[in-house]
1. Explain nothing, just the number: dipole magnitude of the chain about its Cα centre with +1 on each Lys and Arg Cβ and -1 on each Asp and Glu Cβ, in debye rounded to the nearest 20.
2. May I ask for the distance between the Cα centers of the stretch 76-119 and the stretch 167-183, given as a whole number of Å?
3. Which of F16, F125, I147 sits farthest toward the positive end of the charge dipole of the chain, with +1 on the Cβ of Lys and Arg and -1 on the Cβ of Asp and Glu?
4. Write down the accessible area per residue of the stretch 74-162 in Å², having rolled a 1.4 Å probe over the full set of protein chains.
5. Checking the cross-link filter: which lysines have an alpha carbon closer than 18 Å to that of K2, excluding same-chain neighbours under 8 positions apart?
6. Once you put a point 7 Å from the Cα of M81 and another 7 Å from the Cα of M49, both along the Cβ direction, what distance in nm separates them?
7. Tell me what the chain gives for mean residue ellipticity at 222 nm when only DSSP H runs of n ≥ 4 count, each as -39,500 (n - 2.57), the sum divided by the residue total, rounded to 500 deg cm²/dmol.
8. Taking all protein chains as present, what is the carbon and sulfur share of the accessible area of the stretch 1-127, in % to the nearest whole number, probe 1.4 Å?
Amino acid sequence: MKGLVIVGDKFEDVEFVAPIDVLKRHGDEIVVASVMHRLEVKSARGIVMKTDTVLEDVNLDDFDFLFIPGGPGAFQILVNMKEVEKVILYFANKDKLVASICAAPMLVGRLGLFKDLNYTVYPGFESEIVGGFYQKDKGVVCDKNFITGKSMFYAIELGLEIVKYFYGEKDKISLLEQLKGNE
C-alpha cells in the first residue's frame with residue numbers, strides 16, 4: 001500500500017514518526033508531504049525534519065490512504081487550511097482509509113465524516129466533532145474507512161491498526177511480534 005502523510009509545523013513528534021516507522025517496517029510506501037509550502041517542518045519539540053515533497057505537488061490519486069499526525073499543529077495550523085480539508089474529503093469521498101491521531105481526528109470529525117461512526121480523539125477535542133460516538137476509553141478505534149488514535153501513547157498501535165486494515169490480523173500480529181523482538 002502507498003500512504004500519504006500530511007504534516008505542518010508543530011506536529012507531535014511521536015505521533016508522526018512511530019506510525020510511519022511501523023508502516024515502513026511492514027514494507028509499505030510512505031510519502032510525507034508538507035503543508036507549509038516548504039520541505040522542512042518543525043515539530044512541537046523543535047526538531048526540524050525534511051519531508052519528501054510539498055502538498056501542492058502531490059497527485060492524490062497515487063495513494064491508498066491518508067494519515068494525519070496530531071499535536072498543536074493540527075489545531076493551530078492545519079485546522080485553518082482549506083487544502084487540508086480538501087485532501088481529507090478527497091480520501092473520505094473515495095472510501096479510502098483516513099487515519100488520524102490525537103487532535104487530528106478533529107480535522108476529520110468537524111467535517112461530519114464520523115456521523116454514526118465510533119471514533120476517539122484527544123480529550124477536549126470531541127466537542128469539535130459533528131456526530132459520531134466518542135469512545136473516550138479506547139486508544140485506537142477503527143470504524144469503516146476511518147482509524148483514530150487518542151494520543152501519542154497509541155502511535156504504534158495506530159500504525160499496527162493500519163496494517164491490519166489492509167493486510168489482516170495475521171500481518172498485524174507478525175509485525176507486532178517483530179517489534180517486540182519475539183521473532
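1. Using only the charged Cβ atoms, the result is roughly 280 debye.
2. Taking the Cα centre of each part, the stretch 76-119 and the stretch 167-183 sit 28 Å apart.
3. The Cα lying farthest towards the positive end belongs to F125.
4. Accessible area per residue, the stretch 74-162: 45 Å².
5. Within the straight-line limit of under 18 Å, K2 reaches these lysines: K24, K94, K96, K164, K172.
6. 1.4 nm
7. Values: 6 runs with 61 residues, N = 183.
Value at 222 nm, helices only, nearest 500: -10000 deg cm²/dmol.
8. The computed percentage sits at 47.
The values are calculated or read from the model by the stated rules, or taken from the named source; none is laboratory data. Remember, predicted model here, so these are calculated numbers, not experimental data. Virtual Cβ from ideal backbone geometry, glycine too; neighbours counted across all protein chains shown. Surface areas here come from the heavy atoms of the whole protein model, side chains and all, with no ligands, DNA or RNA. Shrake-Rupley method; radii C 1.70, N 1.55, O 1.52, S 1.80 Å.
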